[in-house]
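J.: Pasting a structure below so you can have a look.
The values are calculated or read from the model by the stated rules, or taken from the named source; none is laboratory data. Bear in mind the structure is a predicted one, so any value in this text is a computation, not a measurement. Cβ placement follows ideal geometry from the backbone for every residue including glycine, while neighbour counts extend to all protein chains displayed. Side chains are part of the model used for accessible areas, which takes the heavy atoms of the whole protein and leaves out ligands, DNA and RNA. Shrake-Rupley method; radii C 1.70, N 1.55, O 1.52, S 1.80 Å.
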Amino acid sequence: MAQLKLSTQAWTSQTIFILAAIGSAVGLGNLWKFPYITGENGGGAFVIVYLLCILLIGLPILIAEITLGRAGKASPPQAIANIVRETGSSKLWVLLGFNAVMGGLLILTFYSVIAGWGIAYFVDSLFGVFSGMNADQAQQHFDDFVASPSGLTFWHSVVMLLTILIVVKGVRSGIERAINIMMPGLLIILLVLLGYATTTGALGQSFEFLFKPNFSALTTDSVLIALGHAFFTLSLGFGTMMVYGSYMPKDYSIVRASLWIVAADTIIALIAGLVIFSIVFGNGLEAGSGPGLLFQTLPIAFGQMTGGWFFGTLFFGMVVFAALSSAISMIEPAISWLEQNWGFTRRKAAWTLGLFSWTLGLGSVLSFNLWKNVHFLQDKTFFGTMDFLTSNVMLPLGGMFTALFVGWVWTQQQRDGESGMPPKWSNLYGVLVKFVAPVLVFVVFVESVT
Ligand code: PFF
């Protein structure tokens with residue numbers, strides 16, 4: 001029998017694995033998307049549905065994905081191939097691994113563009129560009145910024161370069177070192193900002209906005225958005241958690257780690273929401289500004305409030321940490337695949353894949369200016385098409401088949417033995433991965449593509 005191809009890297013400790021996975025999970029999704037979709041979908045009512053999605057679907061699939069990675073002990077396609085060989089199941093399952101590798105790379109192409117906005121705004125804030133800005137000026141600043149293909153390309157390149165420079169050094173000297181700086185940094189900044197939020201006099205209003213349920217604003221669409229976001233925010237369906245799991249030694253409990261990851265991701269999203277809305281309301285601004293919340297509304301607040309330079313710079317610094325620690329996790333599945341299956345050195349793999357994602361990302365750069373009116377899929381720009389293909393197609397398909405694979409290909413003993421599932425939760429977990437998660441994800445998938 002041919003030798004199984006296995007990953008040779010390993011995390012130094014259980015804690016660093018958990019931190020890296022939290023780094024992947026906490027990103028633009030938490031700081032940028034969660035607050036505004038919550039605002040648009042009924043505040044507390046949406047948060048309740050979102051928490052249910054996280055617990056009933058997100059958590060079981062997260063456990064499933066990490067378990068597959070550790071059991072297969074290789075890049076996503078190879079990990080699945082290894083398990084398929086052991087269980088004698090269909091080779092078609094390997095497609096799940098390819099979906100993961102491609103999905104991560106494609107999402108990186110446009111995530112890097114938006115992360116670039118974060119770095120640009122960090123630099124702007126540092127140099128006092130927002131100081132004294134009013135609403136019209138903030139709008140104009142944003143419009144001018146996205147209208148420039150060369151500017152956006154520059155910041156997109158900075159993000160891609162930083163991502164490559166981190167991953168090129170490998171798991172211990174690259175990813176772990178970056179995570180050891182970025183995650184404590186992110187947490188400290190978030191707490192400082194929370195401290196500031198308590199002084200705005202708007203924390204109560206912000207609390208009410210986020211937690212008081214308004215069920216009339218909750219539509220079927222809101223439920224779909226909540227489930228889609230639960231996936232995105234936990235970095236599911238793209239092999240990230242699988243590849244991070246493949247570097248995890250056998251004696252770590254996957255269930256315990258997953259609970260930490262889910263709790264941290266959720267708590268950070270909620271605190272970020274509280275902070276953002278306190279700053280917005282505290283400065284007499286409106287919350288319902290949709291996707292512009294971070295890059296149009298907040299700069300007005302930072303421009304007007306006392307200490308705006310300091311808090312604005314901290315805030316965008318936090319956005320950069322969150323986005324970069326997610327970006328490195330998007331490229332890692334493909335890197336490990338090129339290394340293990342195609343004999344690439346890590347250096348060659350990182351630069352090749354980085355260049356690929358950078359080039360494709362140019363399409364997203366242009367979507368905000370020269371190609372603004374060029375449509376690819378139906379009425380979607382290049383950026384919109386990439387977002388749709390990854391978030392609405394590849395991600396739910398990846399998540400659904402991950403659950404099905406773990407639920408149906410493995411026996412209960414195999415599943416529970418690898419993940420360290422306590423016996424009292426075993427049956428519930430089985431029902432969730434076999435039926436509940438796949439069915440609900442399938443419904444979301446059909447709804448969102450039709
Ligand atoms: N979880 C990240 C966020 O909330 O911004 C996004 C993400 C990271 C999605 C890694 C997918 C992925 F593989």
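J.: Kindly indicate whether any position in region 150-159 is more than 19 Å from Leu270 (Cα to Cα), touching a Leu at 6+ places or on another chain (Cβ under 8 Å), open to solvent by less than 10 Å² (accessible area, probe 1.4 Å) and assigned to a helix (DSSP H, G or I).
T.: Taking region 150-159 first, the residues more than 19 Å from Leu270 (Cα to Cα) are 150-159.
Next, only the ones that are touching a Leu at 6+ places or on another chain (Cβ under 8 Å) stay: 153, 156, 159.
From what's left, open to solvent by less than 10 Å² (accessible area, probe 1.4 Å): 156, 159.
Among the residues that remain, those that are also assigned to a helix (DSSP H, G or I) are: 156, 159.
Yes, some residue in region 150-159 is more than 19 Å from Leu270 (Cα to Cα), touching a Leu at 6+ places or on another chain (Cβ under 8 Å), open to solvent by less than 10 Å² (accessible area, probe 1.4 Å) and assigned to a helix (DSSP H, G or I).
J.: Looking at region 228-248, I want the residues that are in contact (Cβ under 8 Å) with a residue 24 or more places away in the chain and within 10 Å of the ligand (Cβ to nearest atom) and have a partner that is open to solvent by 10 Å² or more (accessible area, probe 1.4 Å) and not in a helix (DSSP H, G or I) with Cβ atoms under 7 Å, at least 6 apart or on another chain. Which pairs are those?
T.: Met241/Ser235
J.: Filter region 38-62 down to residues that are in a helix (DSSP H, G or I) and open to solvent by less than 10 Å² (accessible area, probe 1.4 Å), then give me how many there are.
T.: Quick first cut of region 38-62, residues in a helix (DSSP H, G or I) only: 38-40, 44-62.
Filter once more, keeping what is open to solvent by less than 10 Å² (accessible area, probe 1.4 Å): 38, 44-47, 50, 54, 57-58, 60-62.
Summing the residues that are in a helix (DSSP H, G or I) and open to solvent by less than 10 Å² (accessible area, probe 1.4 Å) in region 38-62 gives 12.
J.: Okay, next question. Just a yes or no: is a residue in region 67-89 within 12 Å of the ligand (Cβ to nearest atom) and either open to solvent by less than 10 Å² (accessible area, probe 1.4 Å) or touching a Ser or Thr at 6+ places or on another chain (Cβ under 7 Å) (or both)? Break it down stepwise before answering.
T.: First, the residues of region 67-89 that are within 12 Å of the ligand (Cβ to nearest atom): 76.
Now restrict to residues that are either open to solvent by less than 10 Å² (accessible area, probe 1.4 Å) or touching a Ser or Thr at 6+ places or on another chain (Cβ under 7 Å) (or both): 76.
Yes, region 67-89 has at least one match.
So that you can scan it fast, the table gives a plain yes or no per residue for (1) among the acidic types (Asp, Glu); (2) under 26 Å from the mean Cα position of the chain (by Cα):
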residue	(1), (2)
Ala257	no, yes
Asp265	yes, yes
Gly273	no, yes
Gly284	no, no
Ala287	no, yes
Thr297	no, yes
Gly308	no, no
Gly317	no, yes
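J.: Could you check how many residues of region 12-37 are part of a loop (DSSP other than H, G, I, E, B), among the aliphatic types (A, V, I, L, M) and more than 8 Å from the ligand (Cβ to nearest atom)? Walk me through how you get there before you give the answer.
T.: Of region 12-37, the ones part of a loop (DSSP other than H, G, I, E, B) are 12-13, 26-27.
Okay, now just the ones that are also among the aliphatic types (A, V, I, L, M), so 26.
Now restrict to residues that are more than 8 Å from the ligand (Cβ to nearest atom): none.
Qualifying residue count, region 12-37: 0.
J.: Quick check on this structure: which one of Ala322, Ala301 is within 16 Å of the ligand (Cβ to nearest atom), small (Gly, Ala, Ser) and in contact (Cβ under 8 Å) with a residue 12 or more places away in the chain? Even if it seems obvious, please write down each step before you answer.
T.: Details: Ala301 fails: within 16 Å of the ligand (Cβ to nearest atom).
Just a single option satisfies the conditions, and that option is Ala322.
J.: From the list Leu259, Leu274, Leu224, which one is out of contact with any helix residue (DSSP H, G or I) (no Cβ under 7 Å at 6 or more places or on another chain), more than 15 Å from the ligand (Cβ to nearest atom) and in a helix (DSSP H, G or I)?
T.: Numbers: Leu274 fails: out of contact with any helix residue (DSSP H, G or I) (no Cβ under 7 Å at 6 or more places or on another chain); Leu224 fails: out of contact with any helix residue (DSSP H, G or I) (no Cβ under 7 Å at 6 or more places or on another chain).
Testing whether each residue is out of contact with any helix residue (DSSP H, G or I) (no Cβ under 7 Å at 6 or more places or on another chain), more than 15 Å from the ligand (Cβ to nearest atom) and in a helix (DSSP H, G or I) leaves just Leu259.
J.: Return a yes/no flag: does region 418-425 have any residue that is surrounded by 18 or more Cβ atoms within 10 Å (Cβ to Cβ) and among the aromatic types (Phe, Trp, Tyr).
T.: no
J.: Continuing with this model, one more query. Give just the number: which of (1) within 20 Å of the chain's Cα centre (by Cα); (2) surrounded by fewer than 18 Cβ atoms within 10 Å (Cβ to Cβ); (3) in contact (Cβ under 8 Å) with a residue 24 or more places away in the chain does Ile107 not satisfy?
T.: (2)
J.: Kindly indicate whether Ala263 is touching a residue at least 40 places away in the same chain (Cβ under 8 Å), within 15 Å of Ile54 (Cβ to Cβ) and either among the aliphatic types (A, V, I, L, M) or open to solvent by 20 Å² or more (accessible area, probe 1.4 Å) (or both).
T.: Numbers: touching a residue at least 40 places away in the same chain (Cβ under 8 Å): no; within 15 Å of Ile54 (Cβ to Cβ): yes; either among the aliphatic types (A, V, I, L, M) or open to solvent by 20 Å² or more (accessible area, probe 1.4 Å) (or both): yes.
No; evaluated as a whole, the condition is false for this residue.
J.: Given the criteria surrounded by 14 or more Cβ atoms within 10 Å (Cβ to Cβ) and closer than 20 Å to Gly354 by Cβ, does Val146 qualify?
T.: Details: surrounded by 14 or more Cβ atoms within 10 Å (Cβ to Cβ): yes; closer than 20 Å to Gly354 by Cβ: no.
In short, no.
J.: So, one more: Tell me which of these Leu218 doesn't satisfy, since it passes every other one: (1) away from the ligand (no atom under 14 Å from the Cβ); (2) within 27 Å of Ser13 (Cα to Cα); (3) open to solvent by less than 50 Å² (accessible area, probe 1.4 Å).
T.: Only one criterion is unmet by Leu218, namely (2).
J.: Going by what's in this entry, would Gly116 be described as open to solvent by less than 10 Å² (accessible area, probe 1.4 Å), in a helix (DSSP H, G or I), small (Gly, Ala, Ser) and more than 26 Å from Trp425 (Cβ to Cβ)? Write out each step before concluding.
T.: Working: open to solvent by less than 10 Å² (accessible area, probe 1.4 Å): yes; in a helix (DSSP H, G or I): yes; small (Gly, Ala, Ser): yes; more than 26 Å from Trp425 (Cβ to Cβ): yes.
Yes, satisfied.
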